[in-house]
Amino acid sequence: MATRSRPEEQLGSNAQSSRPSLSTSFVIASDSSERELPSTWQREYNTAVSAGLSSLVSTFVGFPFDSIKTRMQAYKFRSVLDCVMVTKKTEGIRGFFRGVGAPMISVTIVRTLSFSIYAQCRATYTDAFNRLLGEGYIVDPTGPVPLTPEQKATPGLNLIRALPMYFMSGFTAGGFIALFSCPFEFTKLSTQIELLMARATRAALPDSDPAAPRYSPKGTFESFKDIIHKRGILGLYSGFRYHFARDALGTSLYFTVYESSKQLFSMYNPNGGPPGPLVIAISGGLCGVFSWAVLFPLDTMKSIVQRDILTRPPGTAIKKRAFQLFNPRMYRGLGVSIVRTGLVNMTFFSIYEQLYKHL
C-alpha cells in the first residue's frame, strides 16, 4: 500500500490503538502535499453512511434471488426454473419482491451496525494481540499506522497473524447484530412463504372448495403485527439459535475472506498501491460466496425450523429435526444463493469503497 509515513511524534505511543476502518486508504499522498487523516468521528461517520447507502442498493438488487432461495429451502420444487415459473404464474413479478420491506430496513441497519462494530472490534483486538504478543505483532495494512520495512517485506506473515483478529471481530459483530436482525428475518420469511403455506393448508383439506376466495397476502408490516399478536414479542425470535450461529460464523468468515482477498491481490499487484475497483469487486464477491457456501446448510436448517414454527399453532410442540449436513435437501437453492450473494456483495463493496473515499 503506497502511503507516506507520518512523523514519528504524530504517531505517539498509542499509535497502534488508532481505530481502523474498512477504507482502503487513510493517508492520501501526492507529489506536493499529504492530507491529514480524518478524525475518528469522521471515519466512523463515513463507515456508517457508506454501509447504509450501499446496503439499500445491493439489497434491492439481490432480493429476487433471496426470495427464490427461501422458497426452495422451505418447499419442494423441481428446479430453480420451476420455482421461478410457479412464482411468476401465481404471484406475478411482485411475488419476487414480497417481503422486501423488512430487509430494506433491517439489512441497512444491520450492515451499518456490523461494519461499525467490526471496525471498533478490530482496533480493540489488534491492541489486545499487540499487548499480549508484543508491540507491532499485528499492524493493520489498511489502518493509519504505516508498515515497517520488515513488515512490508513479509506481508504474508502479517496477514497470517491478523487472521484471528479478523475472525474474532467478525464473530463479535455478527453475534451482536443477530439480536437485532432475527425479528426482521423471521418476518421476511413469513411474508415470502405465506402464500405457499396457505396453498399447502388448503390442499390438505378434504373438502376444500376450488371456488373459494383467493388468499389475500398480509404484507411485511401486517405479518410483523400478526406474529406479535399470535406469538408475542419473543415469537419474533423463533429459531434464534440457528440465526445466531449463522450470523456469527457467517460474519466472521465474511470479513476474514474479504480482508484476506484484498490484501493477497494487492501483494501480487506489480504496480503497487491500494486495491483497485476490480480487486474490491472480486474480493467482495469471494467473501459472500465463500461464507454462504460454507454455512448454507445451517441457513437451510434455520428456514425449515422457522417454517415448522409458522405452520403450527402457537404453543404447539415442534418436531425436533436432526442437522443432516450431507442430505441433498440441505442444499436446495444453493446455486441461486451463490449467484445472489456474489452479485450483492460485488455491488455492495464497489459502492461502499467509492462512497467512503468521496465522503
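The values are calculated or read from the model by the stated rules, or taken from the named source; none is laboratory data. A quick note: this is a predicted structure, and the numbers were derived from the prediction, not measured. No Cβ is skipped: glycine too gets one built from the backbone with ideal geometry, and neighbour counts run over all protein chains shown. With ligands, DNA and RNA removed, areas are computed over all heavy atoms of the protein, side chains included. Shrake-Rupley method; radii C 1.70, N 1.55, O 1.52, S 1.80 Å.
Would you mention how many residues in region 127-140 are open to solvent by 20 Å² or more (accessible area, probe 1.4 Å) and touching a Phe, Trp or Tyr at 6+ places or on another chain (Cβ under 8 Å)?
Counting residues in region 127-140 that are open to solvent by 20 Å² or more (accessible area, probe 1.4 Å) and touching a Phe, Trp or Tyr at 6+ places or on another chain (Cβ under 8 Å) gives 2.
From the list 175, 156, pick out the single residue that is modelled with pLDDT under 85 and in a helix (DSSP H, G or I).
Exactly one of 175, 156 is modelled with pLDDT under 85 and in a helix (DSSP H, G or I), namely 156.
All but one of (1) modelled with pLDDT of 85 or more; (2) within 14 Å of the chain's Cα centre (by Cα); (3) of a type in the set (Ser, Thr, Tyr) hold for residue 87; which doesn't?
(2)
Let me spell it out: the conditions are (1) open to solvent by 40 Å² or more (accessible area, probe 1.4 Å); (2) modelled with pLDDT of 85 or more, and residue 119 meets all of them except one. Which number is the exception?
(1)
How many residues, within region 178-205, are surrounded by fewer than 19 Cβ atoms within 10 Å (Cβ to Cβ) and modelled with pLDDT of 75 or more?
Number of matching residues: 2.
Collect the residues in region 85-112 that are free of Cβ contacts under 8 Å to residues at least 40 places away in the same chain and buried (at least 18 other Cβ atoms within 10 Å of the Cβ), keeping them in residue-number order.
Result: 87, 96.
Using the structure shown, decide if residue 241 is part of a helix (DSSP H, G or I), open to solvent by 50 Å² or more (accessible area, probe 1.4 Å) and not hydroxyl-bearing (Ser, Thr, Tyr).
Judged against the criteria, residue 241 is a match.
Would region 246-269 turn up any residue that is open to solvent by less than 30 Å² (accessible area, probe 1.4 Å) and farther than 30 Å from residue 42 by Cα?
Checked against the condition, which is being open to solvent by less than 30 Å² (accessible area, probe 1.4 Å) and farther than 30 Å from residue 42 by Cα, region 246-269 yields at least one hit.
Just checking, does region 314-322 include any residue being assigned to a helix (DSSP H, G or I), of a type outside the set (D, E, K, R) and open to solvent by 40 Å² or more (accessible area, probe 1.4 Å)?
No - not one qualifying residue is present in region 314-322.
Would it be correct to say that residue 294 is over 23 Å from residue 47 (Cβ atoms), open to solvent by 60 Å² or more (accessible area, probe 1.4 Å) and in a helix (DSSP H, G or I)?
So residue 294 passes the test.
What tally of residues in region 270-290 results from selecting those that are open to solvent by 10 Å² or more (accessible area, probe 1.4 Å) and of a type in the set (S, T, N, Q)?
Qualifying residue count, region 270-290: 1.
Scan (1) open to solvent by less than 40 Å² (accessible area, probe 1.4 Å); (2) more than 16 Å from the chain's Cα centre (by Cα) for the single condition residue 45 breaks and write down its number.
Going through the list (1) open to solvent by less than 40 Å² (accessible area, probe 1.4 Å); (2) more than 16 Å from the chain's Cα centre (by Cα), residue 45 breaks only (1).
Could you list all residues from region 208-224 that are exposed (fewer than 12 other Cβ atoms within 10 Å of the Cβ) and at pLDDT 60 or above?
Listed by number, the list holds a single entry, 216.
Inspect region 336-353 for any residue being farther than 29 Å from residue 183 by Cβ and either touching a residue at least 24 places away in the same chain (Cβ under 8 Å) or among the polar types (S, T, N, Q) (or both) and give the result as yes or no.
Scanning region 336-353 turns up at least one residue that is farther than 29 Å from residue 183 by Cβ and either touching a residue at least 24 places away in the same chain (Cβ under 8 Å) or among the polar types (S, T, N, Q) (or both).
Run down 329, 321, 312, 307 and say which single residue is closer than 23 Å to residue 62 by Cβ and among the charged types (D, E, K, R).
Of 329, 321, 312, 307, the one residue that is closer than 23 Å to residue 62 by Cβ and among the charged types (D, E, K, R) is 307.
For residue 124, work out the one condition from (1) β-branched (Val, Ile, Thr); (2) under 30 Å from residue 169 (Cβ atoms); (3) buried (at least 19 other Cβ atoms within 10 Å of the Cβ) it doesn't fulfil.
(3)
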